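The next block holds one structure in the form of structure tokens; read it before the comments.
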Amino acid sequence: MSSAPLVFLVCHGSRDPEYQQAAADLLARVRQRLAPQPVELAQLEGQPLTLAEQIHRQLAARLDRVDGPVVLLSLFMGGGSHVEEDLPAAVEQVQARWPRLKLLLTPPIGQHPALIDLVAARVVAAQRLGNQAHGWILFGHGSRLPGFAAQLQAGIQALEQRLPGIPLHLAFAAQPPTLEAAVIHCLRLSQYRLRVLPFFLFPGGLLRALQEQAQRLQREWPLLQITVEPPLWRDPQVVQAIVETAQTACLTWK
């Protein structure tokens with residue numbers, strides 16, 4: 001029997017095949033880094049089973065092999081309603097079915113310092129390649145809760161100190177400022193060449209909607225040149241942040 005904690009990578013989830021393929025790839029890379037520690041994937045939405053039921057099924061399938069704690073490693077990007085409400089509710093449901101099991105829910109991975117490092121590295125790399133943008137827009141999903149926007153605003157302020165002279169802006173899918181509002185603000189500042197960096201992990205519907213909106217805005221303003229960067233899941237720093245979070249969580253039990 002292994003005493004290594006079982007780790008669940010908990011993500012938002014989607015029925016989109018691109019999302020599922022990217023999530024499976026990220027899971028494989030994390031498993032490779034954490035081997036022989038067991039790592040599974042659990043999704044809040046887009047699955048026939050609820051998040052709690054997915055975790056319960058995995059636990060039941062390995063009943064004789066779970067002798068340590070279980071870490072639910074949050075792949076969310078900030079403190080929105082999923083993180084503040086849905087995930088704790090799922091943890092309560094799992095705990096009710098497994099009262100003797102030790103459960104730990106980690107902070108969202110988007111709060112890891114490596115994610116801001118990653119954003120800074122993306123900007124610097126693009127500038128070095130000659131992709132001189134007039135401005136960058138960091139684009140997040142957003143939330144009705146204030147914590148998510150506050151986190152990204154703090155991230156923008158940290159980036160401004162590290163990247164002096166590079167205009168940085170913020171936009172969200174689910175709250176103001178929208179991408180269109182951010183673009184209009186940039187145009188008023190004579191910033192016509194813009195790059196949008198998605199502050200989320202996986203491709204799928206959100207990325208396609210962002211790309212379509214960027215194309216529409218470019219048609220409306222012919223002088224505008226707007227490029228949407230890939231989301232973050234492929235970057236090695238994301239895997240490193242996940243591995244560090246898992247290892248830190250496991251150390252709390254020793």
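Brief remarks on what is shown
- Identity of the residue in region 207-227, touching a residue at least 24 places away in the same chain (Cβ under 8 Å) and farther than 23 Å from residue 124 by Cβ, that ends up surrounded by the fewest Cβ atoms within 10 Å (Cβ to Cβ): 223
- Scanning region 92-106 for residues that are charged (D, E, K, R) and not in a loop (DSSP other than H, G, I, E, B) yields 92, 97.
- Residue under evaluation residue 226, criteria (1) modelled with pLDDT of 95 or more; (2) hydrophobic (A, V, I, L, M, F, W, C); (3) part of a loop (DSSP other than H, G, I, E, B), criterion not met: (3)
- Checked against the criteria, residue 73 counts as modelled with pLDDT of 95 or more and either farther than 20 Å from residue 241 by Cα or not in a helix (DSSP H, G or I) (or both).
- Among the residues of region 15-25, the ones that are at pLDDT 95 or above and either in contact with a helix residue (DSSP H, G or I) (Cβ under 7 Å, 6 or more places away or on another chain) or in a loop (DSSP other than H, G, I, E, B) (or both) come to 1 in all.
- Cβ-Cβ contacts under 6 Å between residues 6 or more apart (or on different chains), taken from a first residue in region 90-112 that is more than 20 Å from residue 12 (Cβ to Cβ) to a second residue that is part of a loop (DSSP other than H, G, I, E, B), are listed as 102/69.
- Residue satisfying condition, being polar (S, T, N, Q), in contact (Cβ under 8 Å) with a residue 40 or more places away in the chain and closer than 25 Å to residue 227 by Cβ, within set 132, 157: 132
- The condition (being of a type outside the set (Lys, Arg), over 20 Å from residue 203 (Cα atoms), modelled with pLDDT under 95 and in contact with a helix residue (DSSP H, G or I) (Cβ under 6 Å, 6 or more places away or on another chain)) is satisfied by just one residue among 36, 5: 5.
- Some residue of region 144-165 being open to solvent by less than 50 Å² (accessible area, probe 1.4 Å), in contact with a strand residue (DSSP E or B) (Cβ under 6 Å, 6 or more places away or on another chain) and more than 21 Å from residue 79 (Cα to Cα): no
- Looking only at region 116-143, and only at residues there that are charged (D, E, K, R) and out of contact with any helix residue (DSSP H, G or I) (no Cβ under 8 Å at 6 or more places or on another chain), the one that is most open to solvent (accessible area, probe 1.4 Å): 128
- Check on residue 65, basic (Lys, Arg) and modelled with pLDDT of 90 or more: no
- Scanning region 16-26 for residues that are under 19 Å from residue 71 (Cα atoms) and open to solvent by less than 20 Å² (accessible area, probe 1.4 Å) returns 23, 26.
- Selection of region 176-206 for residues being within 27 Å of residue 79 (Cα to Cα), open to solvent by 20 Å² or more (accessible area, probe 1.4 Å) and outside any loop (DSSP other than H, G, I, E, B) yields 180, 181, 185, 195, 205, 206.
- Index of the failed condition, residue 59 passing every other in (1) modelled with pLDDT of 95 or more; (2) open to solvent by less than 50 Å² (accessible area, probe 1.4 Å); (3) in a helix (DSSP H, G or I): (1)
- Counted residues, region 166-175 - those being open to solvent by 20 Å² or more (accessible area, probe 1.4 Å) and either of a type in the set (Phe, Trp, Tyr) or out of contact with any Leu (no Cβ under 9 Å at 6 or more places or on another chain) (or both): 2
- Among the residues of region 37-56, not a single one is outside any loop (DSSP other than H, G, I, E, B) and surrounded by fewer than 14 Cβ atoms within 10 Å (Cβ to Cβ).
- Contacts under 6 angstrom Cβ, first residue in region 28-43 being over 14 Å from residue 247 (Cβ atoms), partner open to solvent by 30 Å² or more (accessible area, probe 1.4 Å), 6 or more apart: 40/58
The values are calculated or read from the model by the stated rules, or taken from the named source; none is laboratory data. This structure is a prediction, so every number in the text was calculated from the model and none was measured. In this analysis, Cβ positions are derived from the backbone assuming ideal geometry, glycine residues included, and neighbour counts consider all displayed protein chains. Quick note on the areas: whole protein, heavy atoms, side chains included, nothing else; ligands and nucleic acids left out. Shrake-Rupley method; radii C 1.70, N 1.55, O 1.52, S 1.80 Å.
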